[in-house]
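The values are calculated or read from the model by the stated rules, or taken from the named source; none is laboratory data. From a predicted model like this one, the values you see are computed outputs, not experimental measurements. Cβ sites come from the backbone with ideal geometry, for glycine too, and all protein chains shown count toward neighbours. Quick note on the areas: whole protein, heavy atoms, side chains included, nothing else; ligands and nucleic acids left out. Shrake-Rupley method; radii C 1.70, N 1.55, O 1.52, S 1.80 Å.
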Amino acid sequence: MFDLENVAVIGAGTMGHGIAQVASLAGFSVRLCDERQEALDGAVARIRDGVERALEKGRLTPAEKQRTLDGILVTTDLEEAVTSADLVVEAVPEDLALKRALLARVAGLCRASALIASNTSSIAIADLSAGLPQPGRFLGLHFFNPVPVMELLEIVRAPDTAAHAVEAARAFAARLGKTAIEVRDSPGFATSRLGVALGLEAMRLLEEGVASAADIDRAMELGYRHPMGPLRLTDLVGLDVRLAIAEYLHQKLGSARFEPPAILRRLVAEGKLGKKSGRGFYEW
């Protein structure tokens, strides 16, 4: 079994700080890296707030809270973050060029034995790792937001991903307390293709005046036992994020079902990005 103890998380945003938190809670030594010190400061504050709330609700013990906080070191230096890592998880914004450039730098700095994973929710791992050395160590580890709460971890196996990398990823997921599914590398994988297809169809229903946003969401919550409707979920994910994923899937798969509806493009152009901007399909 591949020995995995040191984890580097690159990108201290919504997903990155959550991945760092759950990895540290599970006993891994974690380095959280971002080129912006303010992003690291914000991540540390969110992690502290998260473990404080979990402690208050009885989901963590005082010892687990302290272990989580003590197990994370933050740095703006990429080389410092990845040099001793057994696993590097890239968690920067969903932009192919940005991710490829970062992964190329990581591949040149980390140990030859280190596994390199992307938290991408839609971009094919083969596209991200094309031309990089040792393709067997690249794979996808698609976490879900909020990372400390969501149980699923989607392991994406590219054509060249080595069996030992997948085995190590499954062991990593188990230690985090996540349930892993393994999917073949394809744009959008399983979860994003299903989730985005449902979300875009909900937008078309709203656009056509079939029902209100609240009633469309209520239909899926009560009729299909979804914990949250697709339009409210889009507001939480971010309409700009959903638009970027839909455009990528439409381009790569050539399917009309992933063509972004006009209502989504309009709201993004108006700066109505969901919860983070105060307005999307709902007011927040």
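As a test, work out the antiparallel percent of DSSP beta bridges whose residues both lie in the chain, rounded to the nearest 5.
Values: 5 of 31 bridges.
Roughly 15 percent of the beta bridges in the chain run antiparallel, per DSSP.
Considering only C-alpha atoms, what is the centroid distance from region 155-201 to region 28-46, in Å?
Cα centroid of region 155-201 versus Cα centroid of region 28-46: 25 Å apart.
With viscosity set to 0.890 mPa s at 25 °C, what whole-number translational diffusion coefficient in µm²/s follows for the chain from Stokes-Einstein and a Kirkwood radius over Cα pairs?
Value of D from the Cα-based Kirkwood radius: 125 µm²/s.
Can you give the % of DSSP beta bridges in region 117-271 that are antiparallel, to the nearest 5? Intermediate results must be reported in sequence, preceding the final value.
Details: 3 of 11 bridges.
Once the DSSP bridges in region 117-271 are tallied, antiparallel ones form about 25 percent.
Based solely on its DSSP helices, what 222 nm [θ] is calculated for the chain when runs of n ≥ 4 H residues each add -39,500 (n - 2.57) and the sum is averaged over all residues, nearest 500 deg cm²/dmol?
Numbers: 12 runs with 138 residues, N = 284.
Computed mean residue ellipticity for the chain: -15000 deg cm²/dmol.
Report the Cα-based extents of region 105-191 along its three principal axes, largest first, to the nearest Å.
So the three principal-axis extents are 34, 26, 22 Å.
Using per-residue counts of other Cβ atoms within 10 Å, averaged over each peptide, order 201-211, 181-191 from highest down.
Numbers: 201-211: 15.8, 181-191: 17.5.
Ranked from most to least packed, the peptides come out as 181-191, 201-211.
Which value, in debye to the nearest 20, gives the size of the charge dipole of the chain about its Cα centre, when Lys and Arg are +1 and Asp and Glu are -1 at the Cβ?
That gives the chain a dipole magnitude of about 400 debye.
For region 41-77, which trypsin sites (Lys or Arg not before Pro) are both in a DSSP coil and crowded by at most 15 other Cβ atoms within 10 Å? Write out the running numbers ahead of the final one.
Working: sites: Arg46, Arg48, Arg53, Lys57, Arg59, Lys65, Arg67; in loops: Lys57, Arg59.
Taking region 41-77 and a limit of 15 other Cβ atoms within 10 Å, the loop trypsin sites (Lys or Arg not before Pro) found are Lys57, Arg59.
Could you do me a favour and compute the accessible area per residue for region 164-279, 1.4 Å probe, result in Å²?
On the way: 5890 Å² over 116 residues.
Each residue of region 164-279 exposes 51 Å² on average to a 1.4 Å probe.
Express the relative contact order of the chain as a whole percentage, based on alpha carbon pairs under 8 Å and six or more residues apart in sequence. Show your work: numbers first, answer last.
Details: 519 pairs, mean separation 40.5, N = 284.
Averaging sequence separation for qualifying contacts and normalising by length gives 14 percent for the chain.
Using label points projected 7 Å from each Cα along Cα→Cβ, tell me how many nm separate Leu73 and Leu236, to one decimal.
3.5 nm
Please identify the trypsin sites (Lys or Arg not before Pro) of region 84-116 that satisfy two criteria: DSSP loop assignment and at most 14 other Cβ atoms within 10 Å. Which are they?
Working: sites: Lys99, Arg100, Arg105, Arg111; in loops: Arg111.
Of the trypsin sites (Lys or Arg not before Pro), the ones in loops of region 84-116 whose Cβ has at most 14 other Cβ atoms within 10 Å are Arg111.
If each of Gln37 and Asp95 carries a label point 7 Å out from its Cα toward its Cβ, how far apart are those two points in nm?
A separation of 2.3 nm, rounded to one decimal place.
Name the shape class, rounded, prolate or oblate, that the alpha-carbon gyration tensor gives for region 15-64, where a ≥ b ≥ c are the square roots of its eigenvalues, rounded holds for a/c under 1.5, and otherwise prolate holds if a/b is larger than b/c and oblate otherwise. Could you put the intermediate results ahead of the total?
On the way: a/c = 2.89, a/b = 1.60, b/c = 1.80.
Oblate.
Please work out whether region 3-108 counts as rounded, prolate or oblate from its C-alpha gyration tensor, where a ≥ b ≥ c are the square roots of the eigenvalues and a/c under 1.5 means rounded, while otherwise a/b larger than b/c means prolate and anything else oblate? Don't jump to the answer; show the numbers that get you there.
Details: a/c = 2.30, a/b = 1.66, b/c = 1.38.
Verdict is prolate for region 3-108.
I want to check the label-to-label distance for Lys57 and Leu132. Put each point 7 Å from Cα in the C-beta direction and report it in nm to one decimal.
The two pseudo-label positions are separated by 3.4 nm.
What order, most packed first, do the peptides 249-256, 7-14 have when packing is the mean number of other Cβ atoms within 10 Å of each residue?
Values: 249-256: 13.9, 7-14: 25.4.
Result, highest mean first: 7-14, 249-256.
Once you sort the root eigenvalues of the Cα gyration tensor of region 79-135 as a ≥ b ≥ c, which label holds: rounded (a/c under 1.5), prolate (a/b larger than b/c) or oblate (the other case)? Write out the running numbers ahead of the final one.
Values: a/c = 1.84, a/b = 1.51, b/c = 1.22.
Note, shape of region 79-135 comes out prolate.
Against the longest principal axis of the chain, how steep is helix 239-253, in degrees 0 to 90 to the nearest 10, with axes from Cα atoms?
The angle comes out at about 90 degrees.
If you average over every viewing direction, what projected area does the convex hull of the Cα atoms of region 133-284 give, in nm²?
Details: hull surface 41.3 nm².
If you wrap the Cα atoms of region 133-284 in a convex hull and average its projections, you get 10.3 nm².
Quick one: how many lysine pairs in the chain have C-alpha atoms under 30 angstrom apart, if they're 8 or more apart or on different chains?
18
Expressed as a whole percentage, what fraction of the accessible surface of the chain belongs to carbon and sulfur atoms when a 1.4 Å probe is rolled over the protein heavy atoms?
Details: 6900 of 13190 Å².
Carbon-and-sulfur percentage of accessible area, whole number: 52.
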